[in-house]
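Report on one structure; see the data block that follows.
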Amino acid sequence: MSEALSQYAGRTVIVGSGIAGLMAALTLAPQPVLLLTRSALGGETSSAWAQGGIAASLGPDDSAALHLADTLAAGDGLCNADMAADIISA
């Protein structure tokens, strides 16, 4: 191991500074971690680009099935349909 990296031996490495990476770092605190990111903290992350939000089926003309259809269409083939169905119906 190079001398430049030896100071980080034994630390947990977290790749990415989006919500998941930062939450992992906070969860491990006060244990020191090495957070690798290509940009400033929180910058150029999927979290920063995500639309986010909370949705619920409230009206009589709405349903979990309609939300699932919207989610799968928005995901453009990237969603795991079974997992999305479990999350939406929870």
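If r is the Cβ-Cβ distance from Ser6 to Ala29 and R0 is 22 Å, what FRET efficiency results, to the nearest 0.05?
Numbers: r = 23 Å, r/R0 = 1.04.
About 0.45, to the nearest 0.05.
Report the gain in length on full extension from Leu66 to Ala84: 0.36 nm times residue separation, minus Cα-Cα distance, nm rounded to one decimal.
Numbers: separation 18, 0.36 × 18 = 6.48 nm, distance 1.21 nm.
Contour length minus Cα-Cα distance gives 5.3 nm.
Once backbone amide H atoms are built at 1.01 Å from N, Leu34 has Thr12, Val13, Ile14 as its partners under 5 Å, excluding neighbours fewer than 5 places away on the same chain.
Helix-only estimate, please: 222 nm mean residue ellipticity of the chain, summing -39500 (n - 2.57) across DSSP H runs of length 4 or more and dividing by its residues, to the nearest 500. Don't skip to the answer; put the middle values down first.
Working: 5 runs with 39 residues, N = 90.
It lands at -11500 deg cm²/dmol.
Any read-out appearing in this document is the output of simple, stated calculations on the displayed coordinates, not a laboratory observation. Keep in mind it's a predicted model, so treat the numbers as computed, not measured. FYI the Cβ positions are ideal-geometry reconstructions off the backbone, even for glycines, and counts take in every protein chain you see.
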